[in-house]
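The values are calculated or read from the model by the stated rules, or taken from the named source; none is laboratory data. These numbers come from a predicted model, not from an experiment. A quick note on method: Cβ atoms are made from the backbone with ideal geometry, for glycine too, and the neighbour counts reach across all protein chains shown.
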Amino acid sequence: MKVIPTALPDVLILEPKVFGDDRGFFMESFNQKVFDEAIGHHVDFVQDNHSRSRKGVLRGLHYQITQPQGKLVYALSGEVFDVAVDLRKSSPNFGRSVGAVLSAENKRRLWIPPGFAHGFLVISESADFLYKTTDYYAPAAERSIIWNDPEINIQWPIDVAPILSEKDRVAPALEDSQVYD
């Protein structure tokens, strides 16, 4: 597996080895030992999630204030612009974001450790998006930050208003949100 650093040192792009020929391809979609070596420590994944969304859907920026989740995310079909935002007040990168294109074609994964908000925008006609999490979904702990917060200043690859859930439409700005110490 190739490990590609991002502008946020704890967030990593992971590119699996793909073996292809005229029949198709083969790759390990996940190997715990290889993953642990890539990020430098062991994590346990406890839940897998799958969403399907159409072009222009933006989900996020989501996090859990208690039971924070690390996420290993990827697009099984289609293409998304995926974003992580550092919400650790003690971090020198607090409030900074990083984005990456994840697609069925490039097969890249993004590792987002606990302490970060996460969101993605579907840029293909549709996308099946999968993510492994290090803690269970806890609805009472779920929080959101508005997708277009000027303080975070994410450069989303979109020129029209995204399709949002009501929760994401009314999410607060970073300055009004609970964050991690």
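Only one of (1) exposed (fewer than 15 other Cβ atoms within 10 Å of the Cβ); (2) modelled with pLDDT of 95 or more is not met by Glu28, so which one is it?
(2)
Checking Tyr74 against (1) more than 20 Å from Leu164 (Cβ to Cβ); (2) in a loop (DSSP other than H, G, I, E, B); (3) hydroxyl-bearing (Ser, Thr, Tyr), only one condition comes out false. Which one?
All conditions are met except number (2).
I'd like the full set of residues that are closer than 28 Å to His42 by Cβ, in a loop (DSSP other than H, G, I, E, B) and either in contact with a Lys or Arg (Cβ under 8 Å, 6 or more places away or on another chain) or free of Cβ contacts under 8 Å to residues at least 60 places away in the same chain (or both), limited to the stretch 115-140.
Scanning the stretch 115-140 gives Gly115, Thr134.
Filter the stretch 37-53 down to residues that are over 18 Å from Ile13 (Cα atoms) and of a type in the set (Asp, Glu) and give me whichever is farthest from the chain's Cα centre (by Cα).
From the stretch 37-53, those over 18 Å from Ile13 (Cα atoms) are 44, 46-53; that's our starting set.
Imposing the further condition that a residue be of a type in the set (Asp, Glu) reduces the set to 44, 48.
On the way: Asp44: 17, Asp48: 13 Å.
The qualifying residue farthest from the chain's Cα centre (by Cα) is Asp44.
Sort through Arg88, Arg143, Arg109 and tell me the only one that's under 18 Å from His50 (Cβ atoms), basic (Lys, Arg) and either touching a helix residue (DSSP H, G or I) at 6+ places or on another chain (Cβ under 9 Å) or surrounded by 15 or more Cβ atoms within 10 Å (Cβ to Cβ) (or both).
When all the criteria are applied, what remains is Arg109.
Consider Ala161 carefully, then state whether it is surrounded by fewer than 18 Cβ atoms within 10 Å (Cβ to Cβ), more than 18 Å from the chain's Cα centre (by Cα) and outside any loop (DSSP other than H, G, I, E, B).
When the stated conditions are applied, Ala161 does not pass them.
Filter the stretch 51-71 for residues that are closer than 23 Å to Val122 by Cβ, polar (S, T, N, Q) and part of a loop (DSSP other than H, G, I, E, B) and give the result.
Gln69
Scan the stretch 46-78 for residues that are touching a Lys or Arg at 6+ places or on another chain (Cβ under 6 Å) and either buried (at least 19 other Cβ atoms within 10 Å of the Cβ) or among the aliphatic types (A, V, I, L, M) (or both) and jot them down.
Selection gives Tyr63, Ile65, Leu72, Tyr74.
Does Asp21 fit the bill of being among the charged types (D, E, K, R), exposed (fewer than 15 other Cβ atoms within 10 Å of the Cβ) and in contact with a His (Cβ under 8 Å, 6 or more places away or on another chain)? Before the answer, list the steps.
Working: among the charged types (D, E, K, R): yes; exposed (fewer than 15 other Cβ atoms within 10 Å of the Cβ): yes; in contact with a His (Cβ under 8 Å, 6 or more places away or on another chain): no.
In short, no.
Condition first: of a type in the set (A, V, I, L, M), under 21 Å from Asp86 (Cα atoms) and not in a helix (DSSP H, G or I). Can you find one or more residues in the stretch 37-50 that meet it?
Yes, there is a match, as at least one residue in the stretch 37-50 is of a type in the set (A, V, I, L, M), under 21 Å from Asp86 (Cα atoms) and not in a helix (DSSP H, G or I).
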